[in-house]
Every structure is written in C-alpha cells, then in structure tokens.
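The block underneath contains the structure these notes are about, expressed in structure tokens.
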Amino acid sequence: MQAMLIRPNNAPNFCFEVVEAATGRSLEFIQSDWNYAGLASRFGWVPCECGATDGTVDCEHRKVSEMLAEAFDYLCEHEGDEIEWEE
C-alpha cells in the first residue's frame with residue numbers, strides 16, 4: 001500500500017485530485033459530483049448510518065443531492081489528509 005493525499009484542485013469547477021504522498025504524482029482526478037461520495041468514503045465519510053446507500057442513490061433517510069453536497073464539504077474539510085490506499 002502507499003500513502004495518498006487528497007487536495008482540492010484550484011479549478012473553478014469543484015474538482016479534486018488524489019496524489020501519491022511521497023511523489024506528488026497524480027493518481028486520480030475527480031471532475032464529477034457523482035464521484036464525490038466514493039472518494040469521500042475512502043477518507044472515512046459515511047453517507048448514511050443505515051448502510052443502504054453508497055451516497056449515489058436515495059435511501060429511506062437521505063436524498064442523493066444532500067449526500068453529494070455533504071461528501072463535497074467533507075472532502076474540502078479533509079484537504080491534505082493522508083490515507084493508506086491500494087491502487
């Protein structure tokens with residue numbers, strides 16, 4: 001496994017980039033809000049306590065739009081956090 005960092009990209013369209021911590025090499029570029037939930041989940045975000053959704057489909061308790069907005073905020077709050085992740 002290798003350490004990875006997450007950092008918001010300076011682009012005005014709310015993009016995120018996952019980079020290798022040791023080298024700064026770009027590993028993944030997130031351009032779509034549909035991908036926020038998956039990336040945020042890697043860093044510990046949980047879309048709903050019920051466990052019935054990955055954040056990209058409604059569950060009994062939450063709407064997708066709410067979860068994707070929360071995932072975006074979570075990613076912004078965790079800028080620079082490092083995790084171990086396998087490619």
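A short reminder: the numbers here are calculations on the coordinates, not readings from a lab. These figures come from a predicted structure and were not determined experimentally. For neighbour counting, all protein chains shown are included, and Cβ atoms are generated from backbone atoms with ideal geometry for every residue, glycine included.
Quick check: residue separation of residue 26 and residue 83 times 0.36 nm, minus the Cα distance between them. What number comes out in nm? Don't skip to the end; give the middle numbers.
On the way: separation 57, 0.36 × 57 = 20.52 nm, distance 1.49 nm.
Residue separation times 0.36 nm, minus the Cα-Cα distance, leaves 19.0 nm.
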Residues with amide H under 5 Å of residue 30's amide H, sequence separation 5 or more or different chain, H placed in the peptide plane at 1.01 Å from N; which?
16, 17, 18
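Out of the trypsin sites (Lys or Arg not before Pro) in the stretch 40-87, which ones are loop residues according to DSSP with at most 13 other C-beta atoms within 10 Å? Mind dumping the intermediate values first?
Values: sites: 42, 62, 63; in loops: 62, 63.
Loop-located and lightly packed - 63.
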The stretch 50-85: GluC sites (Glu not before Pro) in DSSP coil with no more than 15 other Cβ atoms inside 10 Å:
60, 79
